[in-house]
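Participant: Take this structure first; my questions come after.
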Amino acid sequence: MEKFLKFFLVVLGTIYIPSSSCSSSMTKSMQKSSMSPQGLTYTHDDILEICTTGNIKLILKVQQQVESHNQRSTQKIDTPLNVAVEHNLDLVVKGLLSQGADKNVLGKSGTPLFLAALKGHDEPMKALIEARANLEFPLLTAAKGGHTLAVERLILAGADVTFKLPSDGATALHFAAFEGHEECVGKLLTLGALVNALRNDGSSPLDLAKTNQKLGCVKILAQAGGLPVKSAKPGEIDKLYAQAQFSYFYRNCCCFSLLVAACALGWSLR
C-alpha cells in the first residue's frame with residue numbers, strides 16, 4: 001500500500017519523497033538557519049543536501065528564503081538554483097525554473113548561468129537560456145574557462161559577441177586569448193568577434209596572448225588579421241609568430257612520425 005501511495009504521489013508531481021532520516025536532516029538544517037539572529041546560515045553542503053532530495057516543493061521553499069535573504073544582505077548565500085547548476089542537477093534546475101525561481105539570482109558564486117558557463121554544464125545552461133537568463137556576463141566566463149560549446153550556445157542564443165566588460169573593456173576574445181584557449185579563440189572569431197577589439201588600456205587580444213606567451217593563440221589571431229596594438233617592439237611579433245609556426249610544424253612532424261611507425265609495426269606483425 002505504501003509503495004502504491006508513493007507511486008501515486010509521483011504521478012501527481014512530487015518528484016521524490018524524502019526518507020524519515022532525510023526529512024529529519026532537512027528539518028535540522030532549516031531550524032539551524034531560523035535560529036540565527038543574523039539571518040540564514042545555510043552552508044553549501046546544506047543546500048546541496050536539500051537539492052539532492054529532488055523534492056521541488058521543499059527546494060523551492062528554501063530558494064525563496066535564500067532569494068529574500070540575498071536581496072537584503074551583503075552576505076550572499078548560493079541559492080538551490082545556483083547549487084543545482086554547479087552540481088549539474090538538471091532536473092532540479094528545470095523544476096525550479098518551471099516554478100518561477102529567479103533565473104538571474106545573484107548568489108555567493110555568481111548567477112546560475114555564470115556557473116553553468118564556468119562549469120560547462122550543458123543541460124542546466126540550455127534550460128537557463130530557454131528561460132531567457134542574462135547572456136553576456138556568462139559569455140565572458142565561458143570564454144575565460146575555455147568552454148567552447150558554452151561560448152557557441154550563448155552566442156547562438158543571442159549573446160553579444162562584442163560585449164565589453166564595463167570595468168576594463170575586455171571582450172570574450174580578450175579572455176580566451178589571454179588564457180590560451182585556442183579552440184575557443186577560433187570559435188569566437190568564426191562567430192563574429194572583433195579580432196582587434198581594444199580594452200580600455202588599448203590592449204588587443206593579440207597583445208594579451210603575446211604577453212602571456214600563448215603562441216597558439218598568437219598564430220590564430222595573427223592569421224585572422226590581429227595586430228599587437230599596445231606595446232609591440234619592432235620585430236617582436238614576427239619572432240613570436242615564427243616560434244608558433246615552428247611549434248606547430250614540430251608537433252605535426254612528431255604525430256606523422258608516430259603514425260608511420262605504428263603503420264610499420266602493424267604491417268610487420270601481419
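The values are calculated or read from the model by the stated rules, or taken from the named source; none is laboratory data. Quantities reported herein were computed from a predicted structural model and do not represent experimental measurements. Neighbour counts run over all protein chains shown; Cβ positions are idealised from the backbone, glycine included.
Participant: What residue, of His87, His121, is surrounded by fewer than 22 Cβ atoms within 10 Å (Cβ to Cβ), in the same structural domain as Ile50 (by TED's automatic domain parsing) and of a type outside the set (A, V, I, L, M, F, W, C)?
Facilitator: Only one candidate passes the filter, namely His87.
Quick grid of which residues meet (1) surrounded by fewer than 19 Cβ atoms within 10 Å (Cβ to Cβ); (2) in contact with a helix residue (DSSP H, G or I) (Cβ under 7 Å, 6 or more places away or on another chain):
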| residue | (1), (2) |
| --- | --- |
| Ile56 | no, yes |
| Val62 | no, yes |
| Gln65 | no, no |
| Lys76 | yes, yes |
| Thr79 | no, yes |
| Val83 | no, yes |
| Leu91 | yes, no |
| Lys94 | no, yes |
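Table: residues versus (1) assigned to a loop (DSSP other than H, G, I, E, B); (2) touching a residue at least 12 places away in the same chain (Cβ under 8 Å); (3) over 12 Å from Leu140 (Cα atoms).
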site	(1), (2), (3)
Phe163	yes, yes, no
Ala170	yes, yes, no
Cys184	no, yes, no
Gly192	yes, yes, yes
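Participant: Quick check, is Lys230 crowded, with 16+ Cβ neighbours inside 10 Å and either modelled with pLDDT of 95 or more or in contact with a Pro (Cβ under 7 Å, 6 or more places away or on another chain) (or both)?
Facilitator: no
Participant: I'm trying to understand the selection: among the residues of the range 162-201, which are surrounded by fewer than 16 Cβ atoms within 10 Å (Cβ to Cβ) and over 20 Å from Ala224 (Cα atoms)?
Facilitator: Once the filter is applied, which keeps residues that are surrounded by fewer than 16 Cβ atoms within 10 Å (Cβ to Cβ) and over 20 Å from Ala224 (Cα atoms), the range 162-201 yields Pro166, Ser167, Asp168, Gly169, Asn200, Asp201.
Participant: Checking Gly110 against (1) within 25 Å of Ala209 (Cβ to Cβ); (2) out of contact with any Lys or Arg (no Cβ under 8 Å at 6 or more places or on another chain): exactly one of these is not met. Which one?
Facilitator: Tallying (1) within 25 Å of Ala209 (Cβ to Cβ); (2) out of contact with any Lys or Arg (no Cβ under 8 Å at 6 or more places or on another chain), Gly110 fails exactly one: (1).
Participant: Okay, next question. With a cut-off of at least 3 residues that are basic (Lys, Arg), name the helices (runs of 4 or more DSSP H) lying wholly within the range 37-142.
Facilitator: Of the helices (runs of 4 or more DSSP H) lying wholly inside the range 37-142, those with at least 3 residues that are basic (Lys, Arg) span 56-72.
Participant: Here's a follow-up. Only one of Ala159, Ala142 is within 25 Å of Lys219 (Cβ to Cβ), surrounded by 21 or more Cβ atoms within 10 Å (Cβ to Cβ) and out of contact with any strand residue (DSSP E or B) (no Cβ under 9 Å at 6 or more places or on another chain). Can you tell me which?
Facilitator: When all the criteria are applied, what remains is Ala142.
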